[in-house]
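Taking it in order: structure first as structure tokens, then the write-up.
The values are calculated or read from the model by the stated rules, or taken from the named source; none is laboratory data. All values reported here derive from a predicted model rather than from experimental measurement. Quick reminder, even Gly has a Cβ in these numbers, built from the backbone with ideal geometry, and neighbours come from all protein chains shown.
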Amino acid sequence: MPYLVDTNVLVRLAHRVDPQRAVAWQAVRTLWDQGERLCYTSQILGPVERGELGLAAIRTASSAA
């Protein structure tokens with residue numbers, strides 16, 4: 001069964017100091033280990049103009065590759 005990974009999960013994985021990073025990683029790892037298909041949409045890769053969790057466009061592109 002494919003799972004659509006929410007933007008918040010990917011943002012937490014990208015920020016190593018996020019206090020919820022371990023929880024996000026465990027959730028992704030559990031699904032991956034069960035052979036589930038993890039998906040994301042192109043909209044979630046765009047950099048955020050406001051807020052402290054936005055990624056620079058170049059970093060975003062390289063992280064998705």
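Restricting to segment 9-38, what's the tally of residues that are out of contact with any strand residue (DSSP E or B) (no Cβ under 9 Å at 6 or more places or on another chain), without any contact (Cβ under 8 Å) to a residue 12 or more places away in the chain and exposed (fewer than 15 other Cβ atoms within 10 Å of the Cβ)?
Looking only at that region, the number is 12.
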Exercise for the section: Identify all residues within segment 22-60 that are farther than 13 Å from L10 by Cβ, assigned to a helix (DSSP H, G or I) and either at pLDDT 60 or above or under 13 Å from the mean Cα position of the chain (by Cα) (or both); write none if there are none. Expected result: A22, V23, Q26, R29, T30, L31, W32, D33
